[in-house]
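Student: The structure under discussion is supplied below as structure tokens; questions concerning it will follow.
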Amino acid sequence: MRVKILLSSCVAGAVLGSGAGTLRAQSAQPSTGTATPRTTEQVYKNIQVLKGFPSDQLVPAMQFVAASLGVQCDFCHLENAFEKDDKETKQTARKMMRMMLAINKDNFDGQQKVTCYACHRGAHKPVITPIVSEEEGEFVAEEKMPHDKPNAATPPSADQILGRYLQTVGGVDAAAGVSTRIQKGRLTVGSEHFPIEVVAKMPDKRVTTVHFPGGDSITGVNGDEGWLSTPGRAVHDMSPSEVDAARMDAELFFPASLKQLFKEFRVEPQEQISGREAYVLTGTRDNLPPVQLYFDQQSGLLVRVLRFVETPLGRNPTQIDYGDYCDQGGVKTPFRWTIARPNGRFTIEIEQMQQNVPIKDDRFAKPSAPASSQEPGEM
């Protein structure tokens, strides 16, 4: 059942990780949705280190720790009692957070230069001795961001790359003519497959339903409002960062809106994706993390999006790879996309699609009741 919670979050482009729903249940009081965001200690119990941060950043921060150490929530926490201090690993984690924050404050003017991942690299115990590689000349690759490797050839401008993309998918007018989409197919995680339906409407409305054996898992975004509904649990309102991610995924669903999503684009050094050269653009937005867009040099199509969520401890990445582009009504659209994060990945494959069919706005209204009568403890 825990897998279902994780999948539901990922499908919506949310930043929740395994066990996040349980962590929210341990909060001292539910969110009121007021204009002034409450802090972590006002919402959650027994907050010792990350005081003063917006409460919606706590779950992404915990997910960042889990991904950095390659562990799950129960490495530090007791299930259904996240506020308790019974585990020594939780005390150690607090010490490490304080150390990391102090290093950045004292040495980098508070900039987030050192994170949990800087030392742990996916292991709960950092490796302190250089590893002798088995292959001559082999070395550990540096982080993707920022790009600093030189380019042999001057790439096209951002406008040229985006212009070719819109032309390749069918042209600006054809892309702008798509206002709705209904897609049906299957979601694959590991060796398991589940039916899925994606309903979208320009510019930023989207509802994704995964039909699990125990009930439907639904995620939706409607402008500035987003939600997640899993079997046996109350509807969860997305945090601002979750809504931003879900809304971006919804808007990228329609190629014509791409240029309006970002304040400006910066051309980065080229990279390879599955052995093919790709142009890379970084899209910037006011007070939000950058987004990287990868366009296949040969086809001109968008093949990858890499976006981030800021947390008090570091950035959480989400990578979406697009493939199997097919012509539908004169517009090419991906019929397969894979969503990957440090703690897992899944693939959506579309089998049927309709475009420009009437969809009423109430189709995107947030539900008001749990998806089923299943007991929360069974999750």
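Every number in this text was worked out from the coordinates using simple rules, so none of it is lab data. Small disclaimer: the values here were computed from a predicted structure and weren't measured. As a convention, Cβ positions derive from the backbone with ideal geometry for all residues, glycine included, and neighbour counts pool all protein chains shown.
Student: For T209, what is the net charge nearby, where nearby means another residue's Cβ is under 12 Å from its Cβ and Lys, Arg count +1, Asp, Glu -1?
Tutor: Working: positive: K184, R206, R363; negative: E197, D216.
Here the count lands on +1.
Student: Just to be sure I understand the model, the point goes 7 Å from the Cα along the line to the Cβ. What's the resulting I128 to Q167 distance in nm?
Tutor: Distance between label points: 5.9 nm.
Student: For the stretch 162-234 and the stretch 275-303, what is the centre-to-centre distance using only Cα atoms, to the nearest Å?
Tutor: A separation of 21 Å, based on Cα centres.
Student: Sorting check: for 201-213, 349-361, 110-122, which peptide has the highest mean count of neighbouring beta carbons within 10 Å, and how do the rest follow? List each step's numbers first, then the result.
Tutor: Working: 201-213: 19.5, 349-361: 13.1, 110-122: 14.8.
Packing proxy ranking, top to bottom: 201-213, 110-122, 349-361.
Student: A follow-up question, please. Whole-Hz ³J(HN,Hα) for each residue in the stretch 355-364, computed from phi via Karplus 6.51 cos²θ - 1.76 cosθ + 1.60 with θ = phi - 60°, x for glycine and proline: what do you get?
Tutor: Listing the rounded values in order: 10, 6, 8, x, 9, 6, 4, 5, 5, 9 Hz.
Student: While we're here: At R0 = 22 Å, how high is the FRET efficiency between T154 and Q260 if r is their beta carbon distance? Nearest 0.05 is fine.
Tutor: Numbers: r = 27 Å, r/R0 = 1.23.
Between T154 and Q260 the formula returns 0.25.
Student: Which of the peptides 37-44, 97-104 is most tightly packed, and how do the rest follow, judged by the mean count of other Cβ atoms within 10 Å per residue?
Tutor: 37-44, 97-104
Student: Would you calculate the separation in nanometres between label points at S368 and D106, each defined as 7 Å from the Cα along the Cα-to-beta-carbon direction?
Tutor: So the two model labels end up 5.5 nm from each other.
Student: What's the magnitude of the charge dipole for the stretch 254-306 around its Cα centre, counting Lys and Arg as +1 and Asp and Glu as -1 at the beta-carbon? Answer in Debye, nearest 20. Walk me through the intermediate numbers first.
Tutor: On the way: 6 positive and 6 negative charges, 30 e Å.
So the magnitude is around 140 debye.
Student: While we're looking at this one, here's another question. Charges only on Cβ, +1 for Lys and Arg, -1 for Asp and Glu: so what's the dipole of the stretch 230-347 about the Cα centre, in debye to the nearest 20? If you can, show how the numbers build up before the last one.
Tutor: Numbers: 14 positive and 15 negative charges, 28 e Å.
Its charge dipole is roughly 140 debye.
Student: Starting with the highest mean, order 313-319, 168-174, 276-282, 258-264 by the number of other Cβ atoms within 10 Å, averaged over the residues of each peptide.
Tutor: So the order, starting with the most tightly packed, is 313-319, 276-282, 168-174, 258-264.
Student: Okay, moving on. Search the structure for amide H atoms under 5 Å from the amide H of R345, placed 1.01 Å from N in the peptide plane, and list their residues when 5 or more places away or on another chain.
Tutor: Result for R345 returns nothing.
Student: Given H placed 1.01 Å from N in the peptide plane, which residues other than close sequence neighbours of G170 have an amide H under 5 Å from its amide H?
Tutor: Counting only residues 5 or more places away or on other chains, the set is K332.
Student: Under a 5 Å amide H to amide H cut-off, with H placed in plane at 1.01 Å, what residues pair with F212 once short-range neighbours are removed?
Tutor: Those lying under 5 Å, H to H, from F212 are S217.
Student: Give me the net charge for the shell around L261: Cβ to Cβ below 13 angstrom, other residues only, Lys and Arg +1, Asp and Glu -1. Mind dumping the intermediate values first?
Tutor: Values: positive: R247, K259, K263, R285, R307; negative: D204, D244, D249, E251, E264, D286.
Taking every other residue near L261 into account, the sum is -1.
Student: Under the 0.36 nm per residue contour assumption, what length would be gained going from the current alpha-carbon distance of E351 and D224 to full extension? The partial results should precede the final answer.
Tutor: Values: separation 127, 0.36 × 127 = 45.72 nm, distance 2.97 nm.
Full-extension gain reported as 42.7 nm.
Student: Of the cross-linked pairs K90/K113; K95/K125; K105/K263; K205/K259; K113/K263, which ones have a Cα-Cα span greater than 21 Å in the structure shown?
Tutor: K90/K113; K105/K263; K113/K263
Student: Go ahead and collect, in residue order, the members of the stretch 46-81 whose backbone nitrogen is under 20 Å from a label point 7 Å along the Cα-Cβ direction of R98.
Tutor: Counting backbone N atoms under 20 Å from the label point, the list is 46-53, 62, 65, 76-77.
Student: For K45, project a label point 7 Å along Cα to C-beta. Then give me every residue of the stretch 55-87 with its amide nitrogen under 15 Å of that point.
Tutor: 77-87
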